[in-house]
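Only the coordinates and a few stated rules stand behind these numbers; no lab work does. Remember, predicted model here, so these are calculated numbers, not experimental data. We place every Cβ from the backbone using ideal geometry, glycine too, and count neighbours over all the protein chains shown.
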């Protein structure tokens, strides 16, 4: 699929729920309570299968399952298996906080999972608890190590926040000498709860990188939005993702499905497209989606406004 700016749209992020077992300070309010234990009462498992199958028919080749926390979704294994075996999509990933991943990763790999992005913003137990408000750091570390042992491609995503975790930069990059993983620093964005800490917390990652000696530019065969660097003889890489200081909109190839059944063509746009009326007709769905994607915005306005235009918080969109 192509938009009107000739960008190939081949990457779909699928949010399975807005529920999460953590309450990270830049993502979710501490006092939020969900009405019931059903992590998604809008889209059924069959709806997700229809969506994945029909997007695959239209040219989507990469799918990332997100949340909230996707490990809370009760049919995650079945959906990944369907995506891999029935839809022939091999580039399948999840974004997770890693809590509970240790016990599930064997089965998820067997079902077809290839890549795991683990959100981790501190390597210090006390600070990790402060940032996430819940959870234990040791659970995340052992999940990461098990993924590495199983040959899963692992990326650690760290949102860098001034005076909170910027003193751990060296600790994070040292992990790439020990493990064959990508440690990726992400610029804080003024979206949802992130607005509350953005003014004092934002760090320009390009300037931050200048303070880390010994890094050299690394090849990125995947052509992702990250810029990668590497220490000589290191097992892994260091990456930066810079939606604020260096926008990558011109190369954006993704769209997002929210857990409430809408498509976001741009993370920071207020506009959402309801696809629920088209979930029972392959032809109508294909026509509608291809027409909608033509209208994908050229770029966001974060740099001009220092504020996202979306009405949703990040956990309601999907990482």
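Counting other Cβ atoms within 10 Å as a rough exposure proxy, the listed residues 35, 69 run 35, 69 from fewest neighbours to most.
Using 0.36 nm times the number of residues separating residue 34 and residue 133, minus their current alpha carbon distance, what extension gain do you get?
34.0 nm
In terms of surrounding Cβ atoms within a 10 Å radius of their Cβ, 45, 65, 172 rank from fewest to most as 45, 172, 65. By DSSP, the beta bridges lying fully in segment 1-109 are antiparallel in about 10 percent of cases. Where the centroid of each part is defined by its Cα atoms, how far is segment 149-178 from segment 27-96 in Å? After rounding, the separation between the Cα centres reads 26 Å.
Considering only beta bridges that DSSP places wholly inside the chain, some 25 percent are antiparallel. Centre-to-centre, using Cα atoms only, segment 234-284 and segment 113-138 are separated by 24 Å. Each of 250, 129 was scored by other Cβ atoms within 10 Å of its Cβ. Listed from fewest to most, they are 250, 129.
In plain terms, the chain from residue 294 to residue 233 could stretch by 17.5 nm, reckoned as 0.36 nm per residue minus the Cα-Cα distance.
The slack between residue 150 and residue 271, meaning 0.36 nm per residue of separation minus the straight C-alpha distance, is 39.6 nm.
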